[in-house]
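The values are calculated or read from the model by the stated rules, or taken from the named source; none is laboratory data. Computed from a predicted structure; not experimentally measured. Here the Cβ positions follow ideal geometry from the backbone for every residue, glycine too, while neighbour counts run over all protein chains shown.
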Amino acid sequence: MFIRHGEKPGENGPPHGINHNGEHDSHSLSVRGWTRAGALAGLLARGPSVLHPNIVAPERIYATKSTHEYMSKREVDTVTPLAHRLSLHIDDSLNHDHVEELAQSIIDGPQPTLVAWHHGSMTDVLAKFPISNVGDIPKHWPEDRFDLIWVLSRKSEDDDYQFTSVNQGLLEGDLLSS
């Protein structure tokens, strides 16, 4: 499962970014982003439901590494409530350019995995997987969407992956269909 980080602060003013201590931090999530992070923890921890049959509780979590060039903490912030709830470690050892390493790690370890990644390189990551319906994958993550989960699933390790885009439907204003 692949998600973009929760909502970010405004470029020049509100909404402001805050860290987990409530302190101003332009590299962290906005209040709405933190609200989404909490709602995602509830959704993803419980796994499949009538509204979200393709969602499973992750056993591994990856998030984009914050670097001097890419200082965002938003990917880690977004999955932190879920990691706490499931007592999972967040692997943030890879930066957004390490798409090959990320994809190979997911393929090599078949357990359910959640990836919070930089949306600009998300399709580059998916391109590393054998996907049967590759034509269904958007060319880019929609710039204005924080409410999607891109799911890759397969019946067995010998099968290609199947791509599905899932609308979270967690917060007011989230789209319920694509």
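On the basis of being within 29 Å of W34 (Cβ to Cβ), over 15 Å from the mean Cα position of the chain (by Cα) and modelled with pLDDT of 95 or more, does P81 make the cut? Spell out how you get there, then give the answer.
Details: within 29 Å of W34 (Cβ to Cβ): yes; over 15 Å from the mean Cα position of the chain (by Cα): no; modelled with pLDDT of 95 or more: yes.
So P81 fails the test.
Just to be sure, is K73 of a type outside the set (F, W, Y) and more than 14 Å from the chain's Cα centre (by Cα)? Criteria not met by K73. Going residue by residue through the stretch 32-55, is there one that turns out to be assigned to a loop (DSSP other than H, G, I, E, B), at pLDDT below 95, under 14 Å from the mean Cα position of the chain (by Cα) and on the phi < 0 side of the Ramachandran plot? Within the stretch 32-55 (the criterion being assigned to a loop (DSSP other than H, G, I, E, B), at pLDDT below 95, under 14 Å from the mean Cα position of the chain (by Cα) and on the phi < 0 side of the Ramachandran plot), the answer is yes, since at least one residue qualifies.
Inside the stretch 119-145, residues that are free of Cβ contacts under 8 Å to residues at least 60 places away in the same chain and either exposed (fewer than 15 other Cβ atoms within 10 Å of the Cβ) or under 18 Å from T64 (Cα atoms) (or both) make up a count of 17.
Can you tell me which residue within the stretch 42-76, out of those that are basic (K, R) and under 17 Å from F2 (Cβ atoms), is surrounded by the most Cβ atoms within 10 Å (Cβ to Cβ)?
Initial filter on the stretch 42-76 (basic (K, R)): 46, 60, 65, 73-74.
Filter once more, so that each one left must be under 17 Å from F2 (Cβ atoms): 60, 65, 74.
On the way: R60: 16, K65: 18, R74: 28.
Across the stretch 42-76, the extreme among qualifying residues is R74.
On the basis of being free of Cβ contacts under 8 Å to residues at least 60 places away in the same chain, buried (at least 17 other Cβ atoms within 10 Å of the Cβ) and of a type in the set (A, V, I, L, M), does I90 make the cut? Against the criterion (free of Cβ contacts under 8 Å to residues at least 60 places away in the same chain, buried (at least 17 other Cβ atoms within 10 Å of the Cβ) and of a type in the set (A, V, I, L, M)), I90 qualifies.
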